[in-house]
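Input: a single structure, listed below in structure tokens.
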């Protein structure tokens, strides 16, 4: 039986465009003009003490030889107002890997069963709601033995706007995705009291911002939330490739649209430094992986709530090998059957 998306307004899990903040900034790293642009981002100070961010002494020692590798947490939140308290429905780690000359995205499944300091075992998505970006970063570091110190958060509106600024992205919509995609379009259009612009057929086609966002939200076809993360990365790559083709002049214009919807712990000097580093690496593609890996996780129900359970030690080892040594994990089995929500 086909399951319909719940009517509760669960907003898009997107924040992939945060990757492009670092890329776009490269084109405008000159003097006062650069700072006038980055000042549009909401800056939030978080502790940089390793203990406050869940970075153990052992992790610091183990990862010391990878000092040149930059990891930044990317959070996509399901809020419509900037003051809303919300979960991080998208959780990724952006890695700039100079050794292997790669930009990497590591997606973490939102239902992953982890320990959240002060709140016990729960879904990793809840950490952001409980304690904002600092607790969310701490949760990532403590459970996966990583050394993330900074973050970028993007809210619901940003991705839709940037895609519209690009005049849409080309996506191959499958037949079983059309009805769900239009259902999400209806949700947002009803909320904003505008006429919905539906996708009328499957196949490769140009999607506008709202349609692409709706596509990213689908989780009720085969593969559930696993497949949704694949859709999110598909849209990310489509945006990345189209932005590359726009040229620096248009990127600056897009930056004006994007930055007011972002929040970060990075200062302007940090962004300039990372942007310059990115440019020097001459990276033209994004590598991507999702954790936990197929065959290394299973569904469990605790007190009536479904969680994605994994051996955190194994997943931590796989993540670290991928992020720092560029060793991609090998899946063992097919996707876990994640119940629709």
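The values are calculated or read from the model by the stated rules, or taken from the named source; none is laboratory data. These figures come from a predicted structure and were not determined experimentally. For neighbour counting, all protein chains shown are included, and Cβ atoms are generated from backbone atoms with ideal geometry for every residue, glycine included.
Restricted to segment 222-245, and to residues there that are surrounded by fewer than 16 Cβ atoms within 10 Å (Cβ to Cβ) and modelled with pLDDT under 75, the residue that is nearest to residue 111 (Cα to Cα) is 222. Of the residues screened, residue 94 is not one that is at pLDDT 80 or above, more than 21 Å from residue 322 (Cα to Cα) and under 20 Å from the mean Cα position of the chain (by Cα). Taking segment 123-152 as the search range and keeping residues that are under 15 Å from residue 307 (Cα atoms) and without any contact (Cβ under 8 Å) to a residue 60 or more places away in the chain, which one is nearest to the chain's Cα centre (by Cα)? Checking each candidate, the answer is 125. Just wondering, is there one or more residues in segment 166-175 that are at pLDDT 80 or above, surrounded by fewer than 19 Cβ atoms within 10 Å (Cβ to Cβ) and part of a helix (DSSP H, G or I)? Within segment 166-175, one or more residues are at pLDDT 80 or above, surrounded by fewer than 19 Cβ atoms within 10 Å (Cβ to Cβ) and part of a helix (DSSP H, G or I). Each residue in segment 306-327 was checked for being touching a residue at least 40 places away in the same chain (Cβ under 8 Å) and either surrounded by fewer than 19 Cβ atoms within 10 Å (Cβ to Cβ) or touching a strand residue (DSSP E or B) at 6+ places or on another chain (Cβ under 8 Å) (or both), and 13 of them qualify. Any chance segment 153-165 includes a residue that's closer than 30 Å to residue 245 by Cα, without any contact (Cβ under 8 Å) to a residue 60 or more places away in the chain and either surrounded by fewer than 22 Cβ atoms within 10 Å (Cβ to Cβ) or over 16 Å from the mean Cα position of the chain (by Cα) (or both)? Within segment 153-165 (the criterion being closer than 30 Å to residue 245 by Cα, without any contact (Cβ under 8 Å) to a residue 60 or more places away in the chain and either surrounded by fewer than 22 Cβ atoms within 10 Å (Cβ to Cβ) or over 16 Å from the mean Cα position of the chain (by Cα) (or both)), the answer is yes, since at least one residue qualifies.
Within segment 100-122, the residues that satisfy the criterion of being more than 22 Å from residue 71 (Cβ to Cβ) and in a strand (DSSP E or B) are 113, 120, 121, 122.
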